[in-house]
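The values are calculated or read from the model by the stated rules, or taken from the named source; none is laboratory data. Since we're looking at a predicted model, the values are computed, not measured. Cβ sites come from the backbone with ideal geometry, for glycine too, and all protein chains shown count toward neighbours.
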């Protein structure tokens, strides 16, 4: 009886950890529900009840142990982790790994963060800004300065996000920096159009994950999580807008 | 649109989509597919606008294509769909209009700002509706697949 209890405990722990990692890193709710249900099913639980929101998860399986809660406290965007959880879940489904291994690897994944190297992130921020400025505005001469301003704006966002960890404030500061740099560079004769430089440089800050997830959550019928993510996206957009507007006031 | 412009836009969209993917830390294996889906979505939008379909329909069809293509890529690569459709959406974001809106509000020209505000709302709504339609296509397709087996 006791070993069954242990097994149930492990099932709950694994499924809840997998769910928490996925929500923390920007997955939509439907995928989390699906993955957790699969884990419970593949581990041998006959039924499972789930209640998933973007601030916490509640899960129960039939068995010895009661329902358990897993709060979701932080929220970042790291889609690699979602992909890894997905892979592990698939491997578990075809019995390539045991439940214990699955659980251990999830705990390990939770602690390690494997991002792209910093210089590559900075370069890709530049590579989002410049090309999109050309695509949107057809202004080839401003390509290089937009790359530079976009990379610097993203650098401000990255550093502030690391130290103060309030996403909206970092976005605001980054947008204000971009505005100042754009005006300054045109003033110095490095660029032609303040508008075009700002439009391109702001693109790395666009809240793409919350927008997409919000729409998908609402369509899937998660009327709590979808609008919550929508608000997240809206506040991000407003923070960027205020940053730019504040600078333009002093133009 | 001349051929050079076309090439520049293809390259720009591809690079920008991949760049955004790197910022979101999507796995390396998914980057190439995401880039091409971004290019395709943007050109569906672009060609519909050129042929006089209007920017709302253009954005909607672009989003539909991104949604459908992302599901195919997710099937081929056996990876979650959001790895492909989030970066691919970036070229469709109404960044230009949103900026103009903010600018004219900041300068106090509210009537001009409202024109851009309406455009931003229309485009965002069109993209959301496009995702809805793509979901419909995907679900029908899944049904058909399951039925055939």
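Just a few scattered comments:
- Among the residues listed as A:175, A:182, A:151, the single one being assigned to a helix (DSSP H, G or I), in contact (Cβ under 8 Å) with a residue 24 or more places away in the chain, at the interface with chain B (Cβ under 10 Å from one of its Cβ atoms) and buried (at least 20 other Cβ atoms within 10 Å of the Cβ): A:175
- From the options B:66, B:127, residue that is under 10 Å from the mean Cα position of the chain (by Cα), closer than 22 Å to residue A:22 by Cβ and within 11 Å of another protein chain (Cβ to nearest Cβ): B:66
- Residue among A:83, A:112, A:124 that alone is over 30 Å from residue A:5 (Cβ atoms), modelled with pLDDT under 90, under 25 Å from the mean Cα position of the chain (by Cα) and within 14 Å of another protein chain (Cβ to nearest Cβ): A:112
- Test: residue A:45 is touching a strand residue (DSSP E or B) at 6+ places or on another chain (Cβ under 8 Å), surrounded by 15 or more Cβ atoms within 10 Å (Cβ to Cβ) and over 20 Å from residue A:225 (Cβ atoms): yes
- Hey, residue B:101 more than 10 Å from chain A (Cβ to nearest Cβ) and either surrounded by 20 or more Cβ atoms within 10 Å (Cβ to Cβ) or assigned to a helix (DSSP H, G or I) (or both) or not: no
- Condition check for residue A:72: within 19 Å of residue A:217 (Cβ to Cβ) and either assigned by TED's automatic domain parsing to the domain that holds residue A:210 or surrounded by fewer than 19 Cβ atoms within 10 Å (Cβ to Cβ) (or both): yes
- Of all the listed residues (A:58, A:132), the sole one being farther than 30 Å from residue A:199 by Cα and either outside any loop (DSSP other than H, G, I, E, B) or out of contact with any strand residue (DSSP E or B) (no Cβ under 9 Å at 6 or more places or on another chain) (or both) is A:58.
- Region B:1-42, residues that are free of Cβ contacts under 8 Å to residues at least 12 places away in the same chain and surrounded by 17 or more Cβ atoms within 10 Å (Cβ to Cβ): B:8, B:12, B:19, B:22, B:23, B:25
- Put simply, of A:16, A:12 the only residue that is in contact with a strand residue (DSSP E or B) (Cβ under 7 Å, 6 or more places away or on another chain), surrounded by fewer than 22 Cβ atoms within 10 Å (Cβ to Cβ), in contact (Cβ under 8 Å) with a residue 24 or more places away in the chain and not in a loop (DSSP other than H, G, I, E, B) is A:16.
- Within region A:216-223, the presence of at least one residue that is touching a helix residue (DSSP H, G or I) at 6+ places or on another chain (Cβ under 8 Å), without any contact (Cβ under 8 Å) to a residue 40 or more places away in the chain and either within 12 Å of chain B (Cβ to nearest Cβ) or at positive phi (or both) is confirmed.
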